[in-house]
Amino acid sequence: MAAINADPEVIRWIRDGSVRDEQQTRGGPAAEAAVRFGFEERGLERIVSITQVGNDASERIMTKLGMHPVRETVNPIGRRGRVFELSSDQYVTTTR
């Protein structure tokens, strides 16, 4: 995880882009596990994910998970973000 957190291509999308040594969730398998846990273990009705506009890698992962964009927003420091979501009904449909 330290190598991931030291990678400027990863960290540039997080907060101010400064490198951290705390754990980060990265990549499809972790995201798939988080979605599965949310719906199957916790019974969530929907999962929402937000990424900065221009973070194509994150958007590809969200799309692969079956999530779809619902709106754009601006965070408190002025960065544009895109909000994706996936409902439990959509999750059940995509996992069959």
Taking 0.36 nm per residue of sequence separation and subtracting the Cα-Cα distance, how much length would be gained by fully extending the chain between residue 40 and residue 89, in nm to one decimal? 16.5 nm
Phi-derived 3J(HN,Hα) across region 76-85 with the Karplus relation (6.51, -1.76, 1.60, θ = phi - 60°), rounded Hz, x for Gly and Pro, is x, 9, x, 7, 6, x, 10, 9, 10, 8
In sequence order, calculated HN-Hα J values of region 31-42 (Karplus, 6.51, -1.76, 1.60; Hz; x Gly/Pro): 5, 4, 5, 5, 5, 4, 4, x, 7, 7, 9, 9
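Values in this text are rule-based calculations from the coordinates and carry no lab data. What you see is a predicted model; the values in this text were computed from it and never measured.
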